[in-house]
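Chemist: Here's a structure for you.
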Amino acid sequence: MSYHNPYTPPRKSATFDDYTLAEIRRAAATGIYDIRGAGTKRKVPHFDDLLFLGASISRYPLEGYREKCDTSVVLGTRFAKKPIQLKTPITIAGMSFGALSGNAKEALGRGATIAGTSTTTGDGGMTDEERGHSQTLVYQYLPSRYGMNPKDLRRADAIEIVVGQGAKPGGGGMLLGQKISDRVAEMRTLPKGIDQRSACRHPDWTGPDDLEIKIMELREITDWEKPIYVKVGGARPYYDTALAVKSGADVVVLDGMQGGTAATQDVFIENVGMPTLACIRPAVQALQDLRMHRQVQLIVSGGIRSGADVAKALALGADAVAIGTAALVALGDNDPHWEKEYQALGTTAGAYDDWHEGRDPAGITTQDPELSKRLDPVTAGRRLANYLKVMTLEAQTIARACGKNHLHNLEPEDLCALTMEAAAMAQIPLAGTNWYPGKGNF
Amino acid sequence: MPLRELNSALHALTAGSNDTEFKVINPRGSHAVAVGVDAPVSVQIKGSVGYYCAGMNDGGAITVHGSAGPGVAENMMSGTVIIEGDASQYAGATGRGGLLVIKGNAASRCGISMKGIDIVVHGSIGHMSAFMGQSGHLVVLGDAGDALGDSLYEAKLFVRGTVKSLGSDCIEKEMRAEHLAKLSEILQRAGITGVRPEEFKRYGSARKLYNFNIDNAEAY
Ligand SMILES: Cc1cc2nc3c(=O)[nH]c(=O)nc-3n(C[C@H](O)[C@H](O)[C@H](O)COP(=O)(O)O)c2cc1C
């Protein structure tokens, strides 16, 4: 019998997969790292890895549509004379004018207002349109201080000191020259067309002792009226939360690594920070250890997509959540409607993330007047409001099934985990057991 | 008078108010003294203050008869702030307008991220001053420390003494007639006599880091 060498299929490396190889070639050809928008694209343990148990004999449920399940939340009850009252615990995260078009910012304000929630400015300052269309507007106080001024501080409803973002804890921002229109340049006091770096650290304070004085200064400037939030990226949530509380924050905003960004190095987005799921329990623990849980409110963000995610974040101890990417998608970002144009940009609907280039077919992450016109702020605002209402209803549906008459009554005992990783990160028992890694003497 | 009362009295002032002179005695290093002033009022502070004195000043004339802690006149919009003594770190940080005069020395990061403010220091300034300065003028009658004007945008720096070192993308630039004129106007506004603009050197941005280029990576 003659021997035939059997066919061996070509084998690609798991380590050097196609994407990795393409990145090496891209770096070699261009000499620059990849900058992009959006959040991490790798899979990390997330809310999908948790399930609700629902009610049975030991817990009785509430009637859907009939028995009340409250969704309201008050933020800033610790020191502020005028706390923020919201109808739903789903808020709109800070996204800058500059990164987003004026129409997109207006749509966010309109949608949030219809749904009874707040929206947030971003790096680059507050625009009149945004203030005008947002019933409740949180004003970000960022390291760059672009556009910062006392008049806008006073016309804001709350102030958010941004220490970091989940997409890039420890990193600053970069708005590339092509997005710097005359108006953006003027608001930031910089020449048109140059790359604008946003600093990674505040220029006039370092560390929690300084932050305490900075918060005191902002309170004095605004006569102790406004709630002061402190936003941190998911890095060391226990200590960051404890230090924010110690510094006098009214609200802590905690943004996990899945959190979106307007433009950051891909290497940063994919490799720095902790998953949102792993951030919540340590932060809540810090609040509980300081007897500040529910006194200082916790807003969680980073990859929130549905009412189920909202309910899970709240069950783990958050008071509210914030959405960025999902809000943009609701407005029309990455919509298959523009597929032809996405393809012309070398991408496809759902994968488009070159938000820093300002060529967004959906007219959202751009300053191009023609593209911006594609987004009608009234229609887009309505879409966002619908989405916020659906999410709220979904969260209520789950809460009623767990027998809760307020979303805030959801608790860790309502959950089980599907994977060991999620069980460990969220400190929720693995489904069918009463155990999670780290609990007991295993 | 407690701090809260002082600041709220200052905020209660409107353009036509009768109270236009405030005197603060024994501030004992308090933080956030006279912050958020938004009326053309005069505030005389007799003693030294802590952090962020005159922060976000918008139109007030505030004088500290002593020294000031970190971040004096941070994010000033307009008006005048005068420090008779020395100023700590980040004096005039992110300031967008107005005039800050420091009669003693200023520590590190003076004028960091400045956005239109004019700062005049009679003495010397510390390291990393005018870091990422976007606009406005920093005038130093004495010397400057390390890394002056690092990552500078369009702020203009004038130093009469020596500069220990220049930061990334900051270079000495030609002093042209318009710069001499601007400098003499600022010196005059700051009430400085006996010093000629010709005694200064001008520093500004080489504008090489304005758009990212991998071959400049060592500078970032
Ligand atoms: C286009 C865009 C712009 C953003 N700009 C800012 C900003 O200016 N300041 C900030 O603190 N966070 C900014 N973020 C982050 C969001 O505030 C928020 O943390 C994040 O989007 C939450 O995660 P999610 O996108 O998964 O919902 C931005 C995010 C996006 C998508």
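The values are calculated or read from the model by the stated rules, or taken from the named source; none is laboratory data. Here the structure is a predicted model, which means the values were calculated and not measured. Neighbour counts are summed over all protein chains in view; Cβ atoms, including those assigned to glycine, are modelled from backbone coordinates with ideal geometry. Surface areas here come from the heavy atoms of the whole protein model, side chains and all, with no ligands, DNA or RNA. Shrake-Rupley method; radii C 1.70, N 1.55, O 1.52, S 1.80 Å.
Chemist: Measuring from the lowest to the highest alpha carbon on each principal axis, how far does segment A:102-156 reach, largest first, in angstroms?
Modeler: That works out to 30, 20, 16 Å along the principal axes.
Chemist: To the nearest 10 Å², what's A:Lys81's accessible area with a 1.4 Å probe?
Modeler: We get 130 Å² for A:Lys81.
Chemist: Report ³J(HN,Hα) in whole Hz for each residue of segment A:88-100, in order, from the Karplus equation J = 6.51 cos²θ - 1.76 cosθ + 1.60 where θ = phi - 60°; Gly and Pro get x.
Modeler: With the stated coefficients, segment A:88-100 comes to 9, x, 9, 9, 9, 6, x, 9, 7, 6, x, 5, 9 Hz.
Chemist: Shifting gears a bit: What helices does chain A have that are whole DSSP H segments, at least 15 Å long along their own axis by Cα, and with mean Kyte-Doolittle hydropathy of -1.0 or more? Walk me through the numbers before you get to the answer.
Modeler: Values: long enough: A:18-30 (18 Å, -0.25); A:102-115 (20 Å, -0.13); A:207-221 (21 Å, -0.33); A:276-289 (20 Å, 0.49); A:377-401 (36 Å, 0.08).
Helices meeting the criterion: A:18-30, A:102-115, A:207-221, A:276-289, A:377-401.
Chemist: Any idea what log10 I(q)/I(0) is at q = 0.08, 0.12 Å⁻¹ for the protein assembly as shown, Debye with uniform C-alpha scatterers and no solvent?
Modeler: Here log10 of I(q) over I(0) equals -0.63, -1.27.
Chemist: If you don't mind, another one. In peptide A:202-210, how many Cβ atoms from other protein chains are near each Cβ within 10 Å, on average? Display every interim value, and only then the final one.
Modeler: On the way: counts 6, 14, 17, 8, 3, 0, 0, 1, 6.
Per residue, the number of nearby Cβ atoms from other chains is 6 on average.
Chemist: Excluding ligands, DNA and RNA, what is the solvent-accessible area per residue of the protein assembly as shown at a probe of 1.4 Å, expressed in Å²? Provide the component values of the computation, followed by the final result.
Modeler: On the way: 26920 Å² over 662 residues.
Accessible area per residue: 41 Å².
Chemist: Then there is this: Consider just the alpha-carbon atoms of segment A:278-318 and return their Rg together with their Dmax, both in angstrom.
Modeler: 10.4, 31
Chemist: Chains B and A: buried accessible surface, both sides, probe 1.4 Å, rounded to 100 Å²?
Modeler: Details: alone 9910 and 20290 Å², together 26920 Å².
Looking at B and A, the buried total is near 3300 Å².
Chemist: Also, I was wondering about something else. How big is the C-alpha Rg of segment B:45-120 next to the rule-of-thumb value 2.2 N^0.38 Å, as a ratio?
Modeler: Working: Rg = 10.1 Å, N = 76, 2.2 N^0.38 = 11.4 Å.
Rounded to two decimals, the normalised Rg is 0.89.
Chemist: Using alpha carbons only, how many angstrom separate the centre of segment B:166-207 from the centre of segment A:419-442?
Modeler: Cα centres, segment B:166-207 to segment A:419-442: 65 Å.
Chemist: Among the listed pairs A:Lys168/A:Lys192; A:Lys192/A:Lys214; A:Lys81/A:Lys151, which are separated by more than 22 Å between their Cα atoms? Mind dumping the intermediate values first?
Modeler: Numbers: A:Lys168/A:Lys192 26 Å; A:Lys192/A:Lys214 31 Å; A:Lys81/A:Lys151 18 Å.
Long pairs (Cα-Cα over 22 Å): A:Lys168/A:Lys192; A:Lys192/A:Lys214.
Chemist: Rounded to the nearest 10 Å², what accessible area does A:Arg383 have for a 1.4 Å probe in the complete protein model?
Modeler: 110
Chemist: Which is farthest toward the positive dipole end of segment B:1-155 among B:Ala61, B:Gly116, B:Val140, measuring Cα position about the Cα centre, with Cβ charges +1 (Lys, Arg) and -1 (Asp, Glu)?
Modeler: The listed residue farthest towards the positive side: B:Ala61.
Chemist: Sort B:118-130, B:184-196, A:148-160 for me by packing, meaning the mean count of neighbouring Cβ atoms within 10 Å per residue, highest on top. Intermediate values should be presented prior to the final figure.
Modeler: Working: B:118-130: 25.2, B:184-196: 13.7, A:148-160: 20.1.
So the peptides B:118-130, B:184-196, A:148-160, ranked by packing, come out B:118-130, A:148-160, B:184-196.
Chemist: Under a Cβ-only charge scheme (Lys and Arg +1, Asp and Glu -1), can you give me the dipole magnitude of segment A:74-166 about the Cα centre, in debye to the nearest 20? It would help to have the intermediate numbers written out before the result.
Modeler: Numbers: 11 positive and 8 negative charges, 78 e Å.
Result for segment A:74-166 is approximately 380 debye, rounded to the nearest 20.
Chemist: Let me have the relative contact order for segment A:168-222, percent, based on Cα pairs under 8 Å that are six or more residues apart. Write out the running numbers ahead of the final one.
Modeler: Working: 47 pairs, mean separation 18.9, N = 55.
In percent, rounded to a whole number, it is 34.
Chemist: Relative contact order for chain A: what percent, with Cα pairs under 8 Å and sequence separation of 6 or more? Before the final figure, lay out the partial values.
Modeler: On the way: 993 pairs, mean separation 102.5, N = 442.
In percent, rounded to a whole number, it is 23.
Chemist: Hey, another quick one. Excluding same-chain residues fewer than 8 positions from B:Lys182, which lysines have a Cα within less than 23 Å of its Cα?
Modeler: Hits, sequence-local ones excluded: B:Lys103, B:Lys115, B:Lys156, B:Lys173, B:Lys201.
Chemist: If you don't mind, there's one more thing I want to ask. In whole angstrom, how far apart do the alpha carbon centroids of segment A:87-136 and segment A:242-294 sit?
Modeler: Measuring centre to centre over Cα atoms gives 22 Å.
Chemist: GNM on chain A, C-alpha springs below 10 Å: top fluctuator among A:Leu331, A:Leu375, A:Leu51?
Modeler: A:Leu51
Chemist: I'd like the distance separating the alpha-carbon centroids of segment B:104-164 and segment A:23-41, in whole Å.
Modeler: 36
Chemist: Eigenvalues of the Cα gyration tensor times 5, then square-rooted: what semi-axes does that give for segment A:328-442, in whole angstrom, largest first?
Modeler: Numbers: eigenvalues 338, 86, 21 Å².
The equivalent ellipsoid of segment A:328-442 has semi-axes of 41, 21, 10 Å.
Chemist: Return an integer: the convex hull volume of the alpha-carbon atoms of chain B, in Å³ per residue. Kindly include the intermediate steps, with their values, before the conclusion.
Modeler: Values: hull volume 25.4 nm³, N = 220.
Given the Cα convex hull of chain B, per-residue volume reads 115 Å³.
Chemist: Among A:Tyr19, B:Gly167, A:Ala311, flag the residue with its Cα farthest along the positive direction of the charge dipole of the protein assembly as shown, charges on Cβ as +1 for Lys/Arg and -1 for Asp/Glu.
Modeler: In the protein assembly as shown, that residue is A:Ala311.
Chemist: Let me ask another. Within 10 Å of each Cβ in peptide A:145-156, how many partner chain Cβ atoms are there on average? Round it to a whole number, please.
Modeler: That works out to 4 on average.
Chemist: Let me ask you something else. With a sphere of radius 15 Å drawn around the Cβ of A:Val390, what net charge do the other residues whose Cβ falls strictly inside it have (Lys, Arg +1; Asp, Glu -1)? Numbers along the way, then the final one.
Modeler: Numbers: positive: A:Lys87, A:Arg305, A:Arg382, A:Arg383, A:Lys389; negative: A:Asp309, A:Glu394.
Local charge sum for A:Val390: +3.
Chemist: Provide the packing ranking of A:26-33, A:122-129, i.e. peptides ordered by the mean count of other C-beta atoms within 10 Å per residue, highest first. Numbers along the way, then the final one.
Modeler: Working: A:26-33: 11.4, A:122-129: 21.4.
Per-residue Cβ counts within 10 Å, averaged per peptide and sorted highest first, yield A:122-129, A:26-33.
Chemist: Using the Cα atoms of segment A:16-127, I'd like the radius of gyration and the largest Cα-Cα distance, Dmax, both in angstrom.
Modeler: 21.9, 64
Chemist: Continuing with this model, one more query. Residues of segment A:213-232 that become at least 50 Å² less accessible with every protein chain present than in their own chain isolated, using 1.4 Å: which are they?
Modeler: In segment A:213-232, residues shielded by partner chains: A:Ile213, A:Glu217, A:Glu220, A:Ile221, A:Asp223.
Chemist: Given a 1.4 Å probe and every protein chain left where it sits, what share in percent of the accessible area of chain A is carbon and sulfur?
Modeler: On the way: 10200 of 18620 Å².
About 55 percent, which is the carbon plus sulfur part of the accessible surface.
Chemist: Same structure again: Can you tell me the Rg and the Dmax, both Å, for the Cα atoms in segment A:57-111?
Modeler: Answer for segment A:57-111, Rg first and Dmax second: 17.5, 54 Å.
Chemist: About the Cα centre of chain B, how large is the charge dipole given +1 on each Lys and Arg Cβ and -1 on each Asp and Glu Cβ? Please answer in debye to the nearest 20.
Modeler: Once rounded to the nearest 20, the dipole reads 180 debye.
Chemist: In degrees between 0 and 90, to the nearest 10, how far off the longest principal axis of chain B does helix B:177-189 point, with axes built from Cα atoms?
Modeler: It works out to around 20 degrees.
Chemist: Just counting partner chain Cβ atoms within 10 Å, what average do the residues of peptide B:76-83 show around their Cβ?
Modeler: On the way: counts 1, 4, 0, 0, 0, 0, 0, 0.
Mean number of neighbouring Cβ atoms from other chains: 1.
Chemist: Rg/Rh for segment A:107-259 to two decimals, with Rh computed the Kirkwood way over all alpha-carbon pairs.
Modeler: Rounded to two decimals, Rg over Rh is 0.96.
Chemist: Compare A:Asp17, A:Asp266, A:Asp309 in a GNM of chain A, Cα atoms joined below 10 Å, and give the one with the largest fluctuation.
Modeler: Highest fluctuation among the options: A:Asp17.
Chemist: Quick check: the angle from helix B:3-12's long axis to the longest principal axis of chain B, C-alpha only, nearest 10 degrees?
Modeler: Compared with the principal axis, the helix lies near 90 degrees.
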